[in-house]
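A short worksheet on the structure shown next.
The values are calculated or read from the model by the stated rules, or taken from the named source; none is laboratory data. Given the structure is predicted, the values throughout are model-derived calculations rather than measurements. Quick reminder, even Gly has a Cβ in these numbers, built from the backbone with ideal geometry, and neighbours come from all protein chains shown. Side chains included, ligands, DNA and RNA excluded: accessible areas come from the protein's heavy atoms. Shrake-Rupley method; radii C 1.70, N 1.55, O 1.52, S 1.80 Å.
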Amino acid sequence: MQNTDTNRQDQEVLELLKDYPMPAADAAFYDQALVRATHEGSRRQRNKWMLTGFGAAVAATIAAWMIGGMLLNDPQLPDAEMTIPGVTMALAEPRTVNLVFASATALDSATLTVSLPDGIELSGFPGQREITWETSLNEGKNLLPLTLVALTPVGGELLARLEHEDRDRTFRLRVDVT
Amino acid sequence: MSTAEQSLAFERLVRPHFDRLYRLAWRLTGAKAEAEDLFQELLVKAYSKLDDLVEIEEPGSWLCRVMYNLFIDERRRFARQRLHTVDEGHLGGDGLEGLPGTENPVLDNERLERINELDNALAQLSDDHRVVVLLHDTEGYKLSEIEELTGIPVGTVKSRLHRARARLREILVANGTIS
């Protein structure tokens, strides 16, 4: 009897699942998604070229940061104990921060993710707290200019995370706002 | 190839699969905003791989796999719980558009209540179980197709399907939706 009940209940569950509705996409969504994809895809390709053109390539052996034009050379891998480099910005005034990564070897298909603190935006990416690029990196120094805008006087820590295959490295940049 | 030609070529490749991809995004995420984000991210990724895409024999299957991987990557990256709100749930707002009505309002209401209970029950499953049961029992994917999409062996898919159904039955019996 119990098996009979279970079978009937299973059947009811299956009928409910088969009948489980899902709304269609909004009429304009597909067209808008296509436009955004081609626009964003082109922009990412440009970013890829920008990074590659400057020599991209970090991997696990990133060695240096250049902040606001000041080069901080360090032949060792940065670690969490090192002093975190910082930059001071004025509220609502765009400031370009140049990040330089140096890699001992060329790397294909690396992923660079920039995570922004609250109140700091990357120019061209309003409202986005995390921006990801796919890039190929060459041996040598790789420059990534980031134009930041402070929307609040709070500041915080910007993280740049580089991933390649199973390796990753995160770099920190303190952002102070005056 | 010019940018305009690239865009056109891209559209020809991906547009025929939009409905299938949108359905998959919905079933994976369970919410409109997240489904649209996932769909959008897939297109951006696919456009950046246009050179590869034109060479693929079955772009639809490839796009589905990329979407699933994006979903998994996103889930791992943020390790966040699936948010489920009335506004973005299957029955809120736009969700009603997907529910064909009858001329009998009492029947419609009963059906809405049952679907609402199923919605809540599905939200109590793990993502792994929810996705498998929705792909198989709602979308009609074969076990082998789920294996191909997710990379999960058929045996594991079967096991998850069995557990997901059992859990749904347990929840729906307990709240009186089925008896």
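Averaged across B:165-174, how many Cβ atoms of other chains sit within 10 Å of each residue's Cβ atom? Let's see the in-between values first.
Working: counts 5, 4, 1, 7, 7, 2, 1, 4, 5, 0.
Counting other chains' Cβ atoms within 10 Å and averaging over B:165-174 gives 4.
When the Cα positions of B:GLY140, B:VAL157, B:LEU125 are compared along the charge dipole of region B:112-160, B:VAL157 comes out farthest toward the positive end, with charges on each C-beta of Lys, Arg, Asp and Glu.
Taking amide H positions as modeled 1.01 Å from N, with prolines and chain starts lacking one, the residues under 5 Å from A:GLY86 and 5 or more places away or on another chain are A:ARG174.
Between chain B and chain A, roughly 3900 Å² of accessible surface gets buried, counting both sides and using a 1.4 Å probe. Residue ranges B:23-31, B:143-151, B:63-71 sort as B:23-31, B:63-71, B:143-151 when ordered by packing (mean number of other C-beta atoms within 10 Å per residue, highest first).
Probe radius 1.4 Å, ligands and nucleic acids ignored: give me the carbon and sulfur share of the accessible area of region A:103-164 as a rounded percent. Intermediate results must be reported in sequence, preceding the final value.
Values: 1320 of 2550 Å².
Percent of accessible area from carbon and sulfur atoms in region A:103-164: 52.
The translational diffusion coefficient of region B:105-171, from Stokes-Einstein at 37 °C and 0.692 mPa s with a Kirkwood hydrodynamic radius over alpha carbon pairs, comes to 260 µm²/s.
Other protein chain C-beta atoms within 10 Å of residue C-beta, averaged over B:38-49: 5. Inter-chain neighbour count for A:25-33: the average number of beta-carbon atoms from partner chains within 10 Å of each residue's beta-carbon is 5. Label separation (A:GLN11 vs B:GLU57): 4.1 nm, computed from points 7 Å beyond Cα along the C-beta direction. Whose amide H sits under 5 Å from the amide H of A:THR105, counting only residues 5 or more places off or on another chain, with H placed in the peptide plane? Close amide H contacts, sequence-distant or interchain: A:GLY140.
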